[in-house]
Amino acid sequence: MVFRIVVLAKQVPDPEVPPSQFKVDESTNSVIPPNGVPPVVNGFDLNAVEAALRLRDSGLDIEITVLSVGSEFAMDAMKKPLAMGADRLVLVDDPLLSQIDSAATVKVLSAAIAKDGPFDLILGGRQASDWDQAHVIIGLAEVLGLPLVSLIQKLELDDDLVTLQRVIPDGYQVISARCPLVLTVTNELGEPRYPNLRGIMQASRKQAEIFTLEDVGLSDTDIIPKLEIKKLYIPESNREVQLIEGEDEADSGKKLALRLHEEKLI
Amino acid sequence: MTSVLLVGECDDSGSLGQPALQAITAANRLTDPEITVVIVGDLPPSVSSLPVGLVLGIPKVDESDIGIYEQATTDIFQIINRVHPDVVLFNKSDFGSLVAPRVAFRLGVVFASDCMEISNVDGSIVVTRPVFGGSALADFEVATTQSVITLRPGSFSASTETGNPSVEEFISDVTVDQRASVLDTIEESREGVRLEDANVIVSGGRGLGGPEPFSVLHDLANVLEGAVGASRAACDAGWIDHAYQVGLTGKSVTPDLYIAVGISGASQHMAGCSSSRAIVAINKDADSNIFKEARYGVVGDWEKVLPAFLSAVRDIKS
């Protein structure tokens, strides 16, 4: 029987935009997308896609579904996991989902998983690079009543037994668990693969399977935010850097040391 | 009155960690707080003088639960249902990052992570947290009567007040069926000072160009009795182990002196080190963001600046 993995993926503003180009609209509490920089799939979620692909590379019969909820999807970005090798892309795409909080996101994800599942393994990135809350997938595990192991850097599958390496501050833990199971994946797993030409061609032929909020059995009253954003702003930096300049770069280094000593920092 | 349940952790030496004392300061930002501290693990003697009303200890900790925390989640869930706090505070540690959201979703209440500020505004709780990799801050208002919050380490000063709390043991009457178990813990032995405890950190980034230069950083850190750190770019490139990573997804550090060498100063890195007392930048790109965050800087090639800096520091120290 085919082993079914669902990878949760989120569309985010490109985090590589330099801080000087990062702007917010304080009247709507939203980020102003920088000109010409399209959104991307959250980097940690691509690590999770990579984790699923590595399991399949090991010769197992695995189907990989990528699931996302939101609105105004940039299809070029969202198809990247397909180009990397994932089999299906399922989107819950509804204008009602444009500004939902994480509790509502968990509700929609669990409804979509109930409709499209069951899955043996639910994977996602350790956190998203936009709101950085790092808990949607943890909440999802709680709501689905499934065990959860976070911060995975390596995983091996033997039937329904999963052996995991979980990153801790100064090393890692080896953890064993049985499917169905929820895992969050961290960048220590390694870089997501680049799509090859064949992958890109296949992805371009595939269509996303799209559900509305109603399709997954929910309505607008189910997704009222309970954590409301009041103000989004860029912190002011009043710090004026004091540049230390010497006769040459080596002299600058020496003068820096003397200055830090004067200031009792060393 | 605001009833606050604060989940505190002990450090490796078994004493109550600084983050727990910082969380007491955070709790005191709320209106008329009545604080209960829960401690997972053996109670350190210092708890008997904490400036709080009640200390509850959860004495038995199953080693195989550490890292998964299913039993801990259930124990704290039970305590919440006994104490009925308005706010539950955790520190954003390995433990808090996992247990706090689980507890929140089990209770069906709002969760906010990594908060730097907390206050009561017109009867609601308002928190401030970094978003978009630290590029922006956001204020959120909690719309439920109960909430679970994790606090960013170093955002509040540690409480120095004392008190005379009641101290009780909490004995759980629910034993969780462990669905995942820890088979082994591999500690990568690290020499010298821990990043989190270091007064001086010498950190390297993409601009170093490879793994070898980190040996110069180690030399400098040794002379300054500090620790070596790194940006995510340097760790992801495999130049240094991820255990050295400073930033939003690495360690949050608060040294007196943070020397950033070849680090551009991306927001997600600064999120881990911006609470340093002084940041010093050495970078050849005068336009890089690190110079907007640093107090002192040298624009130049680290290969020329750093050896001269190291030798001058050696002279000062000898």
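Label-to-label distance for A:LYS231 and A:ASP76 is 3.7 nm, based on points extended 7 Å past Cα in the beta-carbon direction. Backbone geometry of the range A:128-145 corresponds, through the Karplus equation with coefficients 6.51, -1.76 and 1.60 at θ = phi - 60°, to 3J(HN,Hα) couplings of 9, 7, 9, 9, 6, 7, 6, 9, 4, 6, 5, x, 4, 4, 5, 5, 7, x Hz, x marking Gly and Pro.
For the residue pairs A:LYS10/A:LYS79; A:LYS107/A:LYS231; A:LYS115/A:LYS226, alpha carbon separations beyond 23 Å are given by A:LYS107/A:LYS231; A:LYS115/A:LYS226. Which residue fluctuates most in the GNM of chain A (Cα springs below 10 Å): A:VAL92, A:VAL17, A:VAL149? Looking only at A:VAL92, A:VAL17, A:VAL149, the biggest GNM fluctuation is shown by A:VAL17. Note on B:PHE170 and A:VAL37: the model spin-label points, each 7 Å out from Cα along the C-beta direction, lie 4.3 nm apart. Look at where the Cα atoms of the range A:120-158 and of the range B:173-189 average out, and the two centres are 17 Å apart.
Helix-only arithmetic for chain A: the sum of -39500 (n - 2.57) across DSSP H runs with n ≥ 4, divided by the residue total, places the mean residue ellipticity at 222 nm at -8000 deg cm²/dmol. Cβ-to-Cβ counts within 10 Å put A:TYR194, B:TYR244, A:TYR233 in ascending order as A:TYR194, A:TYR233, B:TYR244, the fewest first.
Please build a GNM for chain A, connecting alpha carbons under 10 Å apart, and tell me which residue among A:GLY36, A:GLY246, A:GLY117 fluctuates the most. Looking only at A:GLY36, A:GLY246, A:GLY117, the biggest GNM fluctuation is shown by A:GLY246. Between B:LYS304, B:LYS292, B:LYS92, the Gaussian network model of chain B with springs among Cα atoms under 10 angstrom shows the greatest mean-square fluctuation at B:LYS304. Positive-end ranking of B:THR2, B:PHE291, B:LEU54 along the dipole of the protein assembly as shown, with charges on Cβ about the Cα centre, is headed by B:PHE291. Between amide H atoms placed 1.01 Å from N, distances below 5 Å from A:VAL40 occur with A:VAL12, A:ASP14, all of them 5 or more places distant or on a separate chain.
Placing +1 on each Lys and Arg Cβ and -1 on each Asp and Glu Cβ, with no other charges, gives chain A a dipole about its Cα centre of roughly 400 debye. Among B:ARG29, B:ARG102, A:ARG4, a tally of other beta-carbon atoms within 10 Å of each Cβ gives an order, fewest to most, of B:ARG29, A:ARG4, B:ARG102.
About its Cα centre, the protein assembly as shown has a charge dipole of approximately 680 debye under the convention of +1 per Lys or Arg Cβ and -1 per Asp or Glu Cβ, with nothing else charged. Listed by chain and number, the aspartates and glutamates whose C-alpha is less than 16 Å from the C-alpha of A:LYS206, apart from same-chain residues fewer than 8 away, are A:GLU63, A:ASP76, A:ASP87. Working from Cα pairs under 8 Å separated by at least six residues, relative contact order for chain B is 15 percent.
Distance between the C-alpha centres of the range B:14-37 and the range B:233-285: 28 Å, rounded to the whole angstrom. For A:LYS254, the lysines whose Cα comes closer than 26 Å to its Cα, not counting residues fewer than 8 places off in the same chain, are A:LYS264, B:LYS284, B:LYS292, B:LYS304, B:LYS317.
The calculated FRET efficiency for B:ALA143 paired with B:ASP184, based on their beta-carbon distance and R0 = 45 Å, is about 0.55. Computed over neighbours whose Cβ is under 12 Å from that of A:PRO195, the net charge equals +2, Lys and Arg +1, Asp and Glu -1. The phi-based Karplus calculation (6.51 cos²θ - 1.76 cosθ + 1.60; θ = phi - 60°) puts the 3J(HN,Hα) values of the range B:288-296 at 5, 4, 4, 6, 7, 9, 7, 8, 10 Hz, whole numbers, x for Gly and Pro. The range B:65-84 and the range A:18-83 have Cα centres separated by 33 Å. Among B:THR25, B:THR128, a tally of other beta-carbon atoms within 10 Å of each Cβ gives an order, fewest to most, of B:THR25, B:THR128.
If you keep only loop residues by DSSP, which GluC sites (Glu not before Pro) in the range A:165-244 have at most 10 other Cβ atoms within 10 Å of their Cβ? Passing sites in the range A:165-244 are A:GLU236, A:GLU240. Sorted into 20 angstrom bins from 0, the C-alpha pair distances of the protein assembly as shown split as 20, 53, 26, 1 percent.
Report summary: the helix-based calculation at 222 nm, which adds -39500 (n - 2.57) for every DSSP H run with n ≥ 4 and divides by the residues of chain B, gives -7500 deg cm²/dmol.
Extending 7 Å from Cα along the Cβ direction at A:GLU214 and again at A:THR163 yields two label points whose distance is 5.1 nm.
FYI, it's all coordinate maths here, none of it is from the lab. All of these numbers come straight from a predicted model, not from anything done at the bench. All Cβ positions, glycine included, derive from the backbone under ideal geometry; neighbour counts span all protein chains shown.
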